[in-house]
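In what follows, a structure is listed as structure tokens, so that the remarks can point back to it.
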Amino acid sequence: MSNTNPKTLFEKIWEKHIVDEKEGQPTLLYVDLHMIHEVTSPQAFEGLRLSNRKVRRPDLTIAVADHAIPTWKGRDPISDPIAKQQVETLSENCKEFGVTLYDMYHKNQGIVHVIGPDLGLTQPGKIIVCGDSHTSTHGAFGAFAMGIGTSEVEHVLATQTLRQFKPKTMNININGNLPNGVTAKDLILGIIKNIGISGAVGHAIEYTGEAITNLSMEGRMTVCNMSIEAGGRAGMIAPDDKTINYLKNKPFAPKGDDFRIATDEWLNLKTDQNAQYDTQINIDGNEFEPFVTWGTNPGMVAPITGKIPDPKNSQDEDEKSSIIKALEYMGLKANTNIQDIEIDKVFIGSCTNSRIEDLEAAAEVVKNKKVNSSVSAMVVPGSTLVKKIAEDKGLDKIFIEAGFEWREAGCSMCLGMNPDILSPKERCASTSNRNFEGRQGKDGRTHLVSPQMAAAAAIAGHFVDTREI
């Protein structure tokens with residue numbers, strides 16, 4: 001029997017979570033999982049304290065120290081006084097309000113968007129929020145996951161609900177397979193290059209197509225993670241057997257009969273046939289190759305075989321101006337071959353690319369090789385669990401023998417906290433998600449790449465085409 005009211009994946013989740021809805025007003029939504037960290041939660045807890053409120057559902061709230069903590073061995077000391085205060089305040093707040101905290105010495109500690117999937121807290125059909133823009137990562141499991149502001153963090157803590165205007169829906173369908181040597185990071189960089197950094201503003205994106213379903217769960221998380229960099233409110237991928245197998249036996253996933261029941265529900269979350277999206281985008285999978293950002297936003301992207309754009313070739317004055325400004329900041333000349341760009345630093349980590357699959361891919365590139373003498377390189381696993389798995393596999397030894405620093409889990413170099421910052425004009429090949437001016441340190445120059453590309457650049461001292469390795 002045909003569905004008389006076909007719905008998208010997003011619509012199914014949204015409608016199931018409506019608490020109250022009035023025309024012209026934001027919808028009140030129930031929140032299944034609230035993840036907090038030390039940077040965006042202090043003011044929210046202070047708001048609760050001032051209004052004499054408790055945390056409504058501490059059992060649905062998980063706190064982790066990840067943004068401000070050091071990643072060097074032993075962790076201590078936290079030399080940045082602001083970072084130290086943030087970490088200490090989180091501990092005090094969680095103790096006072098009865099919230100579970102994974103502090104920097106806890107076995108479950110890690111980057112918030114890595115530990116959610118690690119532990120099975122992230123599940124299909126959930127609404128997941130966190131005071132961090134890259135919460136969209138969790139959408140890889142068929143969840144509606146979004147970053148929220150500090151006042152919204154307080155609202156969720158107090159009520160377990162969130163007021164939101166309903167976003168529009170967008171389908172980005174990747175036709176066919178990706179060429180050999182093209183990674184999930186290249187895929188999302190290519191999508192942003194295609195639609196621009198504001199191409200998905202106001203939309204919840206659902207990714208479909210063979211190229212998407214062929215991705216591992218780690219790859220899907222990378223794609224959903226950077227949906228925000230295309231302006232999207234969230235990124236989502238429908239659950240399938242890969243999702244189920246990934247979650248099976250995770251600590252917080254359902255067990256036994258409950259898991260079988262949940263599996264049936266999760267697999268029914270897919271978009272119905274004939275459901276309509278507000279926006280439809282189709283991209284040929286063959287268009288993708290290894291990409292490198294050359295400018296100061298994630299849409300300033302070029303293929304590894306390409307060149308830095310020439311502003312003279314731009315017909316749009318605003319675009320021309322932004323290219324000139326970006327090249328000046330990045331210290332690059334128009335028409336330079338991407339492969340001629342020399343680098344000073346390599347950072348493999350962040351909530352985009354710090355999972356075990358990412359580290360395995362990078363280790364494969366650097367095995368039995370040495371980091372270029374002009375390059376300083378580090379690997380920062382995404383969680384304590386990822387670090388342990390990597391060490392059990394001997395990946396740490398491969399990286400250390402090649403000349404990389406092997407760090408503790410955390411956000412670290414991604415946002416330039418503690419001494420993990422670039423020096424002015426230092427150039428970094430980074431597996432992170434943002435390359436804005438000053439993102440990794442004042443006047444630092446960031447190029448976004450895949451783990452394989454970053455690893456290869458560490459060895460060569462400049463960008464290389466990983467397909468030729």
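Can you run phi through the Karplus equation (6.51, -1.76, 1.60; θ = phi - 60°) for region 323-336 and list ³J(HN,Hα) in whole Hz, with x for Gly and Pro?
5, 4, 4, 5, 5, 5, 5, 7, x, 10, 10, 4, 6, 5
Amide H to amide H under 5 Å from ILE341: which residues, 5+ apart in sequence or cross-chain, H placed 1.01 Å off N in plane?
PHE463
Compute, for ASP316, the solvent-accessible surface of its heavy atoms (probe 1.4 Å) with the complete set of protein chains present, and express it in square angstrom to the nearest 10.
80
Would you mind getting the accessible area per residue of the chain, heavy atoms of the protein chains only, 1.4 Å probe, in Å²?
41
Sequence gap at least 6, Cα distance under 8 Å: using those rules, report the relative contact order of region 26-153 to the nearest whole percent.
Reported relative contact order: 29 percent.
For the chain, what is one quarter of the convex hull surface built on the Cα atoms, given in nm²?
If I average the Cα hull's projected area over directions, I get 23.0 nm².
Between GLU92 and GLU342, how many nm apart are label points set 7 Å from Cα along the C-beta direction?
Each label point is offset 7 Å from its Cα along the Cβ direction, giving 4.9 nm.
Before anything else, pin down the relative contact order of region 425-469: Cα pairs under 8 Å, at least 6 apart, normalised by residue count, whole percent.
Rounded, it is 33 percent for region 425-469.
Taking all protein chains as present, what is the carbon and sulfur share of the accessible area of region 137-180, in % to the nearest whole number, probe 1.4 Å?
Summing carbon and sulfur atoms, their accessible area is 48 percent of the total for region 137-180.
Of PHE165, MET236, ALA262, which is farthest on the positive side of the dipole of the chain, counting Cα position, with +1 on Lys and Arg Cβ, -1 on Asp and Glu Cβ, and the Cα centre as origin?
ALA262
With a ≥ b ≥ c the root eigenvalues of the C-alpha gyration tensor of region 177-247, is it rounded (a/c under 1.5), prolate (a/b larger than b/c) or oblate?
oblate
How charged is the neighbourhood of LYS166? Take every other residue with its Cβ under 14 Å from the Cβ of LYS166, and add Lys/Arg as +1 and Asp/Glu as -1.
Residues close to LYS166 contribute a combined charge of +1.
Could you tell me the calculated FRET efficiency between THR150 and LYS393, based on Cβ-Cβ distance and R0 = 35 angstrom, to the nearest 0.05?
For R0 = 35 Å, the calculated efficiency reads 0.35.
Determine the percent antiparallel among the DSSP beta bridges restricted to the chain, to the nearest 5.
Here the antiparallel bridges make up roughly 20 percent for the chain.
Over the chain, what relative contact order in percent results from Cα pairs under 8 Å that are six or more residues apart?
After rounding, I find 17 percent.
For GLU401, what charge total do you get from the other residues with a beta carbon under 15 Å from its beta carbon, if Lys and Arg give +1 and Asp and Glu give -1?
Cβ neighbours under 15 Å give a net charge of +1.
When only the heavy atoms of the protein chains count and the probe is 1.4 Å, how do LEU359, LEU269 rank by accessible area, highest first?
LEU269, LEU359
Normalise the Cα radius of gyration of region 249-298 by 2.2 N^0.38 Å (N = residues in it) and let me know the number.
1.99
Need one number: nm distance between label points at ASN214 and ILE469, each 7 Å from Cα along Cα→Cβ, rounded to one decimal.
About 2.1 nm separates the two model spin labels.
Can you pull out the trypsin sites (Lys or Arg not before Pro) in region 55-86 that DSSP calls coil and that have at most 14 other Cβ atoms within 10 Å?
LYS73
Between SER51 and PHE259, how many nm apart are label points set 7 Å from Cα along the C-beta direction?
If labels sit at SER51 and PHE259, their model points lie 4.0 nm apart.
Can you give the local net charge around ASN335? Use residues other than it whose beta-carbon is closer than 12 angstrom to its beta-carbon, Lys and Arg +1, Asp and Glu -1.
The answer is +1.
The values are calculated or read from the model by the stated rules, or taken from the named source; none is laboratory data. Since the structure is predicted, the reported quantities are computational estimates derived from the model, not experimental observations. Because the Cβ atoms are built from the backbone with ideal geometry, glycine has one as well, and the counts that use them run over all protein chains shown. What goes into the accessible areas is simple: the full protein's heavy atoms, side chains included, and nothing from ligands, DNA or RNA. Shrake-Rupley method; radii C 1.70, N 1.55, O 1.52, S 1.80 Å.
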